[in-house]
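Worksheet: one structure, shown below.
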Amino acid sequence: MRTTALAGFSLLALAACSSTPKAPPAAPAPVSTAQQAVVMLASASGSRVSGKLTLAPMGDGVHISGEVGGLAPNGQFGFHVHEKGDCSAVDATSAGGHFNPVASAHGRAGGATHHAGDMDNIVADAGGVARVNVHLRGVTLGGGAANDIAGRAMIVHADPDDYHSQPAGNAGARVACGTIKVTQ
Ligand code: CU
Ligand code: ZN
């Protein structure tokens, strides 16, 4: 008698489950689907700055490494992911503003408020070369979620980012630009 009652309950539970309305289609999960990307930074705004960066998903974000050359010796330079993968304008304004999928204010990476594309200034040595080794948290490489940086642009600026001024840290002209191209 008891077994029968339990079996009956299970059937009711299954029936209730199958009649539950379906959830709306989910947005792409914020998970990297690419293994690597490359950015060839080409000069913009008449500068001599160029470089090459390699990107790979790592932990809670994307790791970016490489070198940027042609910079003023011992200077600091704003460095960000920008919204659009379009470096066609001579001054690279075609790349749009800082990558900012959740409508934050500009700030310093790791601080309470910052754009998803905000990173610390890169620092040139006496020969005008900056060695880049940055972990950008909270973004993915591939996958198509709102925080995916594949296909966007990376930009080096003429001046340091003050991590404070809106909307872009008062970092001056865009002196190099390259798109984030997935290679594997
Ligand atoms: Cu920038
Ligand atoms: Zn910013």
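The values are calculated or read from the model by the stated rules, or taken from the named source; none is laboratory data. Since we're looking at a predicted model, the values are computed, not measured. In this analysis, Cβ positions are derived from the backbone assuming ideal geometry, glycine residues included, and neighbour counts consider all displayed protein chains. To get the accessible areas, we keep the full protein, side chains included, count just its heavy atoms, and leave off ligands, DNA and RNA. Shrake-Rupley method; radii C 1.70, N 1.55, O 1.52, S 1.80 Å.
Right, Val156: away from ligand 2 (no atom under 16 Å from the Cβ) and either modelled with pLDDT of 95 or more or part of a loop (DSSP other than H, G, I, E, B) (or both) or not?
In short, no.
When you scan the range 110-121, do you find a residue that is within 14 Å of ligand 2 (Cβ to nearest atom), open to solvent by 60 Å² or more (accessible area, probe 1.4 Å) and more than 29 Å from Thr33 (Cβ to Cβ), even just one? Among the residues of the range 110-121, at least one is within 14 Å of ligand 2 (Cβ to nearest atom), open to solvent by 60 Å² or more (accessible area, probe 1.4 Å) and more than 29 Å from Thr33 (Cβ to Cβ), which makes the answer yes.
Examine the range 46-54 for a residue that is surrounded by fewer than 13 Cβ atoms within 10 Å (Cβ to Cβ), of a type in the set (D, E, K, R) and at pLDDT 95 or above, and state whether such a residue exists.
The answer is yes, given that some residue of the range 46-54 is surrounded by fewer than 13 Cβ atoms within 10 Å (Cβ to Cβ), of a type in the set (D, E, K, R) and at pLDDT 95 or above.
Let me confirm something: among Gly127, Gly78, which residue is under 18 Å from Cys177 (Cβ atoms) and modelled with pLDDT of 95 or more? From the options Gly127, Gly78, the qualifying one is Gly78.
The residues on offer are Ala116, Ala42, Ala112, and the sole one that is part of a loop (DSSP other than H, G, I, E, B) and within 16 Å of Ile180 (Cα to Cα) is Ala116. Quick test for you: out of Gly169, Gly178, Gly142, Gly128, pick the one residue that is open to solvent by less than 30 Å² (accessible area, probe 1.4 Å), out of contact with any Cys (no Cβ under 7 Å at 6 or more places or on another chain), more than 11 Å from ligand 1 (Cβ to nearest atom) and within 22 Å of Asp86 (Cβ to Cβ). That would be Gly142, the only listed residue that is open to solvent by less than 30 Å² (accessible area, probe 1.4 Å), out of contact with any Cys (no Cβ under 7 Å at 6 or more places or on another chain), more than 11 Å from ligand 1 (Cβ to nearest atom) and within 22 Å of Asp86 (Cβ to Cβ). For Val81, the conditions (1) away from ligand 2 (no atom under 11 Å from the Cβ); (2) open to solvent by less than 70 Å² (accessible area, probe 1.4 Å); (3) outside any loop (DSSP other than H, G, I, E, B) all hold with the exception of (1).
The conditions of being on the phi > 0 side of the Ramachandran plot and within 11 Å of ligand 1 (Cβ to nearest atom) are not met by Ala153.
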